[in-house]
1. Residue 135 is checked against (1) on the phi > 0 side of the Ramachandran plot; (2) modelled with pLDDT of 95 or more and fails just one. What number does that condition carry?
2. Given the condition within 14 Å of the chain's Cα centre (by Cα), touching a residue at least 24 places away in the same chain (Cβ under 8 Å) and either outside the structural domain of residue 178 (by TED's automatic domain parsing) or closer than 21 Å to residue 74 by Cβ (or both), answer yes or no: does some residue in the range 136-150 qualify?
3. Could you run through the range 71-115 and say how many residues are farther than 19 Å from residue 53 by Cα, under 9 Å from the mean Cα position of the chain (by Cα) and in a helix (DSSP H, G or I)?
4. Going through the range 1-16 one residue at a time, which ones are crowded, with 16+ Cβ neighbours inside 10 Å and more than 17 Å from residue 41 (Cβ to Cβ)?
5. Could you please let me know if residue 128 is under 20 Å from residue 90 (Cβ atoms), in a helix (DSSP H, G or I), free of Cβ contacts under 8 Å to residues at least 40 places away in the same chain and out of contact with any strand residue (DSSP E or B) (no Cβ under 6 Å at 6 or more places or on another chain)?
6. So, in the range 147-166, exactly how many residues are within 14 Å of residue 127 (Cβ to Cβ) and buried (at least 16 other Cβ atoms within 10 Å of the Cβ)?
7. Under 19 Å from residue 127 (Cβ atoms) and assigned by TED's automatic domain parsing to the domain that holds residue 135: which single residue out of 116, 94, 43 fits that description?
8. Test residue 36 against the criterion of being part of a loop (DSSP other than H, G, I, E, B) and either within 26 Å of residue 11 (Cβ to Cβ) or free of Cβ contacts under 8 Å to residues at least 24 places away in the same chain (or both), and give yes or no.
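The values are calculated or read from the model by the stated rules, or taken from the named source; none is laboratory data. Since we're looking at a predicted model, the values are computed, not measured. So basically every Cβ, Gly included, is an ideal-geometry build from the backbone, and we count neighbours across all protein chains shown.
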């Protein structure tokens, strides 16, 4: 028989909501189900794989209600949803509960990257626009002094650059290497 923790994780990844519900009804202590290899919780896996309905279900059971679960790299479920441009999942995570928005919108990981930095780096313009609409700090600095505009420029994400400039990103800010965003193009 497969370990319930592994079965739950695989069911989340594969979008098997009925199995997730059944397993959590039988093993409610597995709600967070932290993966010892990377620190990912159930909500991290559901967010990364864009499993909107499973995210909704996990939140309804109280996942991340009292504390932010972070990976070993201090990434939140919001950071992970952005990596694959799951903007609907991102919207759910930020709008479902007002506490989520205040907790996650400008949360910095170990490299001081906010979700906006992630969206700019991977070119997730729908996620970027949502974050900006919700009031993300457009000029937040990562560990290297880069703003989201620095990263969008460095990785050639033209649509992200356009959005950041339209929302008023400071294009005269230099990073720790004394580079302007335009110099990273």
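1. With respect to (1) on the phi > 0 side of the Ramachandran plot; (2) modelled with pLDDT of 95 or more, residue 135 is out only on (2).
2. Yes; the residues of the range 136-150 include at least one that is within 14 Å of the chain's Cα centre (by Cα), touching a residue at least 24 places away in the same chain (Cβ under 8 Å) and either outside the structural domain of residue 178 (by TED's automatic domain parsing) or closer than 21 Å to residue 74 by Cβ (or both).
3. Here the count works out to 2.
4. Scanning the range 1-16 gives a single hit, 16.
5. The answer is yes for residue 128.
6. Qualifying residue count for the region: 7.
7. 116
8. yes
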